[in-house]
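Structure, as structure tokens:
The values are calculated or read from the model by the stated rules, or taken from the named source; none is laboratory data. Note that the structure is a prediction, hence the values are computed from the model and not measured. Reconstructed Cβ throughout: ideal geometry from the backbone, glycine too, with neighbour counts over all protein chains shown. Remember, those area values only see protein heavy atoms, side chains included, never the ligands or the DNA or RNA. Shrake-Rupley method; radii C 1.70, N 1.55, O 1.52, S 1.80 Å.
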Amino acid sequence: MVNQDTDRSVVIPNTTSDGSGRNPRDYEVGVPVAAMSWDDFRSETMQLMDAVVERENMIKALRRVERNKGAAGIDEMPVSELRPYLNVHWSHIKEELLSGSYQPSAVREVKIPKPGGKGMRKLGIPTVVDRLIQQAMHQVLSPVFDPFFSDHSYGFRPGRSAHQAVLQAREYVSGGRRWIVDMDLEKFFDNVNHDILMSRVGRRVGDRRFLAVIRRYLQAGTMAGGVESPRQEGTPQGGPLSPLLSNILLDDLDKELERRGHAFCRYADDSNIYVQSRRAGERVLVSITSYLKKKLKLKVNKGKSAVGRPWQRKFLGYSMTMHKRPRLKVAPASVARLKSKLRAEFRRGRGRNLGRFITENLKPLLKGWINYFRLAETKKIFDELDGWIRRKLRNILWRQWKRPWTRARKLMKLGLGEARAWRSATNGRGPWWNSGASHMNQALPGKFFDGLGLVNLQNELRRLQCVT
């Protein structure tokens, strides 16, 4: 069978004829897909495991794992102990990988709250050794599949980003597709069918050893509370291979949407299809739901999936305005999620030095958030957030000052007259009321917090957009 994308070329890992390994960063353009049968293609990937264990590929993977750090798996080995462990055990691990007999360890189950407090999300944390092997396999497998992925797929791919997906979505809406089919896959990573996924990987991978190790990673048990549970379906989030495997499986969905001529954007399991009417959207939602169920054994979450207007839905944290040429804005749910994170930080900061708290806790969080939302074209929400954050910080200081005498003395030190300082310090109102009152705004203006290193979201947005 010949791939539909006949204008593309196959990018194959550059293995030697005897399968003795290769440099994982060197890729060569092979023959065009139109001139190559899939049997020929798979024959070019018969030695992928040799490429995985090749020295330079492993060193690159090791550096990546060390850079990412991360929690320990069920063996409680931290990343810092990985190199010494490999010095002793790598030859044995390599021999098992090359023979196809390597057995991964179970993953450690961790549950984290979903955004908005809507339940818990399961993560599977592999041991650091398994993270290393998965990363090395990812580095070899990605160049085999990525050239064939849809141009509408943006998640976890080199040279692609969520920002590109958001900008493309805006272009669809600007072009007149002002209805969205917002699809949410129900517990996608928990419900992946192993046989279907392995059949998709096997389309382009001919190395049985490589395929066997991937299946063992899929079937590796989950350890929770000291009890190991086998896994018959799903690919746990937390390992380096999971995002690539999800793209391999959902590429079938992308190709089906392309075949039908739909305009869409997909980022991991988050897919939006853009149509010109509600009726068309409802028809597409029913049809694609049926396709996913029959072909990929995946369920669409009917409670979260809907046909709606772009300004009523969100995509990757962004929403849009109702203008003919819509403007991007931060979705209300994303603002609520930031406030929830900040509230948790403010509770931890009540007894700490304010400058150190801002530098160590708030600055990294706010920098990362505004950097992601730098595409926003409506500015009002950033001004409101700046004011809310400063008020929360004034609230912390008012609580720290505690007694009326201390509050009066601090207010006078910050420039208020004695009479007003005493009147404010003894007004009997609560901390939140005082943090928004004129005496605290005058004593602690925006410049005061700028001096402590607080990120001003409005100013940072202007700077980022000028740089871009």
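For the range 297-315, taking the residues that are more than 18 Å from residue 275 (Cα to Cα) and either at pLDDT 95 or above or open to solvent by 80 Å² or more (accessible area, probe 1.4 Å) (or both), the one that is nearest to the chain's Cα centre (by Cα) is identified as 304. Among the residues making up the range 332-362, those that are part of a helix (DSSP H, G or I), farther than 27 Å from residue 320 by Cα and of a type outside the set (Gly, Ala, Ser) are 345, 346, 347, 348, 354, 356, 357, 358, 359, 360, 361, 362. Among the residues of the range 164-207, those identified as open to solvent by 30 Å² or more (accessible area, probe 1.4 Å), more than 26 Å from residue 315 (Cβ to Cβ) and either without any contact (Cβ under 8 Å) to a residue 24 or more places away in the chain or in a helix (DSSP H, G or I) (or both) are 195, 199. Residues that are surrounded by 14 or more Cβ atoms within 10 Å (Cβ to Cβ), within 18 Å of residue 355 (Cβ to Cβ) and in contact (Cβ under 8 Å) with a residue 60 or more places away in the chain within the range 419-468 comprise 446, 449, 452, 454, 455, 456, listed in sequence order. Of the numbered criteria (1) among the hydrophobic types (A, V, I, L, M, F, W, C); (2) part of a loop (DSSP other than H, G, I, E, B); (3) in contact with an Asp or Glu (Cβ under 6 Å, 6 or more places away or on another chain), the one residue 376 fails is (3).
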